[in-house]
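Let me begin by presenting the structure, written as structure tokens, before commenting on it.
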Amino acid sequence: MDTNRAMYTHPRLAELAGVSVRRLSYWESQGLLRPTSAMEMRGRNVRLYDFHGALTALILAALREKVSLQHIRQVVRHLRERDFDVPSVRFALVGPRVFFQTPEGEWEDVRDPMQIVISETLDLRPLRATLARGVERTADQHGQVEKLRGARGSRPLVSGTRVPVAAVERYLRRGIGTDRILEAYPSLTTEDIEAVRAVSA
């Protein structure tokens with residue numbers, strides 16, 4: 001499936017970003033994230049995000065423990081102005097401002113380059129790859145558990161997703177049924193839950 005035409009639901013996007021649905025809603029309330037469309041289905045408000053909206057959520061998740069919301073807002077604005085069409089962005093924080101490095105290695109609007117002491121680089125390529133994996137999983141990934149270096153702290157994940165095995169185990173320990181778990185994690189299948197059950201046993 002073409003990721004640029006993909007749409008992600010609110011729970012699915014939270015899962016891919018590795019944050020709670022409440023966190024996504026908070027970002028929306030702060031004007032950092034906007035759903036592409038919202039509709040009423042079966043008495044429930046369903047929010048959908050296109051690829052750029054989903055990528056924004058993953059950027060917010062990647063930066064939230066590194067810089068303030070004020071700075072994140074400037075980084076997201078910078079990327080939106082470029083239609084997110086860059087492999088990575090290097091930026092530096094100087095007081096309340098964010099300065100960006102050009103492809104030529106210069107710092108935009110910086111009179112004295114010596115004032116740039118610490119810079120951050122945000123690589124968008126792994127975030128795009130996460131969204132691509134989130135669109136569809138291969139048949140052999142269902143019912144499997146994997147441990148990828150650097151993914152969610154190298155914790156075991158349900159294969160082809162960003163869902164930690166531990167998260168599903170918590171549901172199982174509380175006696176929550178398969179249907180409820182699938183509602184919480186739409187990317188999972190019954191085979192995935194049974195695989196986690198087997199690993200836990």
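The values are calculated or read from the model by the stated rules, or taken from the named source; none is laboratory data. None of the values given here were measured: they were computed from a predicted structure. Ideal geometry is used to build each Cβ from the backbone, glycine not excepted, and the neighbour counts take in all protein chains shown. In case anyone asks, the SASA skips ligands and DNA or RNA and just uses the protein heavy atoms, side chains included. Shrake-Rupley method; radii C 1.70, N 1.55, O 1.52, S 1.80 Å.
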Worksheet entry | Looking only at the range 47-66, and only at residues there that are open to solvent by less than 40 Å² (accessible area, probe 1.4 Å) and at pLDDT below 90, the one that is nearest to ARG90 (Cα to Cα) | PHE51
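Of all strands (runs of 3 or more DSSP E) completely enclosed by the range 1-96, which ones contain at least 2 residues that are in contact (Cβ under 8 Å) with a residue 12 or more places away in the chain?
Because the criterion is at least 2 residues that are in contact (Cβ under 8 Å) with a residue 12 or more places away in the chain, the strands (runs of 3 or more DSSP E) in the range 1-96 that meet it are 44-49, 88-94.
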Response to the item:
Scanning the range 7-24 for residues that are more than 20 Å from PHE51 (Cβ to Cβ) and of a type in the set (Gly, Ala, Ser) gives SER20
